[in-house]
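Heads up, the thing below is written out as structure tokens.
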Amino acid sequence: MPILSPIVRAIVATVAILMVLGGLGITALGGVAGLWSVVLGAATLIVLAVERNRYRSEAAEGAFEPIGRGGGEPSGSLDARFRPSAETFLDPTSGHRMRVYVDRGTGDRRYVAED
């Protein structure tokens, strides 16, 4: 599934909100067809709220930082507290080899594509 940029997410959220409001208006006027618009718009808003990009920290998600290859953190953007570990894995979706970086003090993990 492609990762949505902040602009695309905002556009999709706006359309979904308009669908919900329009559907509620149509339903208030006696049209049951508006219920489909409400359901689809609400479902879209729920998906946008819970959707997360692969292998990204909450801090990177909240700050809308750029997405690295393989869906992880961008190369060179990690704090100095994160050190590379011996752990790697092949991401089945992108095919990138991902390196695990660990903050030894807190146990937080970050993922960066190696290739």
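The values are calculated or read from the model by the stated rules, or taken from the named source; none is laboratory data. Just so it is clear, the structure is predicted and the values come from calculations on it, not from any experiment. When we count neighbours, we look across all protein chains shown, and the Cβ atoms used for this are built from the backbone with ideal geometry, even at glycine.
Mind counting the residues in the range 1-21 that are out of contact with any helix residue (DSSP H, G or I) (no Cβ under 6 Å at 6 or more places or on another chain) and at pLDDT 90 or above?
Residues meeting the conditions: 7.
So in the range 37-65, with the set limited to residues that are out of contact with any helix residue (DSSP H, G or I) (no Cβ under 9 Å at 6 or more places or on another chain) and modelled with pLDDT under 70, which one is nearest to ARG104 (Cα to Cα)?
SER57
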